[in-house]
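The values are calculated or read from the model by the stated rules, or taken from the named source; none is laboratory data. Note that the structure is predicted; figures quoted are calculated from it, not measured. Ideal geometry is used to build each Cβ from the backbone, glycine not excepted, and the neighbour counts take in all protein chains shown.
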């Protein structure tokens, strides 16, 4: 856990976990009282054994999991109730997650379409990939 440097302004903080907890069964905490500030331009690595909450914390940041308690801030704004597609956060999964019923091109086009790009722009970007 990092602590806020009193000489740096709050505007330098891009991501902030405040007392974040996650339990799937209501009894066992997977993430317990996570307090972490990540500054703009900072490179951070999460290390720990399997089951220690690394992936769960990232999934909460991305919006694929909901914190049981606490608050996650992005650029000073709470994102607890913001859906994943409106967080403007990219994520690369450990195990690839392609839609098996789509072609490679359709898989590439899907997130661009969800973001509202027009068909012409989507087609151009897929061709360049």
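Observations on the model:
- Counting only residues that are under 12 Å from the mean Cα position of the chain (by Cα), at pLDDT 95 or above and closer than 22 Å to residue 41 by Cα, region 75-95 holds 1 of them.
- Residue 57 outside any strand (DSSP E or B) and either exposed (fewer than 13 other Cβ atoms within 10 Å of the Cβ) or in contact with a strand residue (DSSP E or B) (Cβ under 9 Å, 6 or more places away or on another chain) (or both): yes
- Test: residue 72 is touching a helix residue (DSSP H, G or I) at 6+ places or on another chain (Cβ under 9 Å) and at pLDDT 95 or above: yes
- Test for residue 31: is it at pLDDT 95 or above and under 14 Å from the mean Cα position of the chain (by Cα): no
- Some residue of region 105-119 being part of a loop (DSSP other than H, G, I, E, B), on the phi > 0 side of the Ramachandran plot and at pLDDT below 95: yes
- Here residue 66 meets the list (1) surrounded by 12 or more Cβ atoms within 10 Å (Cβ to Cβ); (2) under 18 Å from the mean Cα position of the chain (by Cα); (3) part of a loop (DSSP other than H, G, I, E, B) almost entirely, failing just condition (1).
- Residue match in region 54-67 (condition: more than 23 Å from residue 86 (Cα to Cα) and touching a helix residue (DSSP H, G or I) at 6+ places or on another chain (Cβ under 9 Å)): no
- Residue check for residue 101: under 23 Å from residue 119 (Cα atoms) and not in a loop (DSSP other than H, G, I, E, B): no
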